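J.: Take this structure first; my questions come after.
The values are calculated or read from the model by the stated rules, or taken from the named source; none is laboratory data. Values in this document were obtained by computation on a predicted structure and should not be read as measured data. Please note: Cβ atoms are built from the backbone with ideal geometry, for glycine as well, and neighbour counts cover all protein chains shown.
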Amino acid sequence: MSVSKSYRFARQVVLVLAIATIAGIGARAEAHHSFAAQYDSSKPVNLTGVVTSVEWTNPHVYIYVDTTDPKTKKVTNWGFEMGPPHMLQKAGWKRNSLKIGEVVMIEGWLARDGTNHGNARRVTRKSTGEVLGAASSNAQTLAGNANAKPPVAGATPAAPAR
């Protein structure tokens, strides 16, 4: 291969790698969202449920709980986004901090789309009263921001819009 062909080939490889990197960064940036785009800070939620699943993945940890409507006895599964794994770990969380079947109270905000989804501000273990900060956004620290309006104690979630 001549120097000219070798140089063109190397330039093409660099160009392909640059395009792939830019496309990867763009996809990653699009996959992450702002709090306001997905959650409504004017719609706090405070509910108690049984942990059914914890997904310890980037960019956010998710917790799923089954709640039971006291009147109808209907069970509904809710999903809550929390902070990223590294932030939760710095705050003392571990992958196995919550056990399946454990009862927790979750304070947070409802999703804008009306589904059984929210952004958790705080998770409290019912058995011990231990408060685990969980916030991922809305200017919250993992223990909650004193300047933000917390969910109203005893508030019930809005009925999902279907």
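J.: Hey, among the residues in region 57-69 that are surrounded by fewer than 18 Cβ atoms within 10 Å (Cβ to Cβ) and assigned to a strand (DSSP E or B), which one's farthest from the chain's Cα centre (by Cα)?
T.: That would be 68.
J.: Also: For residues that are farther than 13 Å from residue 38 by Cα and free of Cβ contacts under 8 Å to residues at least 60 places away in the same chain, tally how many sit in region 107-130.
T.: Residues meeting the conditions: 8.
J.: If I ask for residues that are under 15 Å from residue 115 (Cα atoms) and either within 10 Å of the chain's Cα centre (by Cα) or without any contact (Cβ under 8 Å) to a residue 12 or more places away in the chain (or both), which ones from region 70-82 would you list?
T.: Selection gives 75, 79, 80, 81.
J.: If you check residue 96 against the conditions, is it touching a Pro at 6+ places or on another chain (Cβ under 6 Å) and of a type outside the set (Gly, Ala, Ser)?
T.: Against the criterion (touching a Pro at 6+ places or on another chain (Cβ under 6 Å) and of a type outside the set (Gly, Ala, Ser)), residue 96 does not qualify.
J.: Please go through region 83-106 and pick out each residue that is without any contact (Cβ under 8 Å) to a residue 24 or more places away in the chain, part of a loop (DSSP other than H, G, I, E, B) and not polar (S, T, N, Q).
T.: 94
J.: Suppose we keep only residues that are over 12 Å from the mean Cα position of the chain (by Cα) and surrounded by 14 or more Cβ atoms within 10 Å (Cβ to Cβ) within region 119-132. Which one would you say is modelled with the lowest pLDDT?
T.: Ranking the candidates gives 132 first.
J.: Still on this structure: Out of the residues in region 85-118 meeting the condition of being touching a His at 6+ places or on another chain (Cβ under 9 Å) and closer than 21 Å to residue 46 by Cα, tell me which one is surrounded by the fewest Cβ atoms within 10 Å (Cβ to Cβ).
T.: 111
Results for (1) under 16 Å from residue 121 (Cα atoms); (2) among the hydrophobic types (A, V, I, L, M, F, W, C); (3) at pLDDT 95 or above; (4) not assigned by TED's automatic domain parsing to the domain that holds residue 128, shown as yes or no for each residue.
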site	(1), (2), (3), (4)
25	no, yes, no, yes
50	no, yes, yes, no
53	no, no, yes, no
65	yes, yes, yes, no
85	yes, no, no, no
88	yes, yes, no, no
97	no, no, no, no
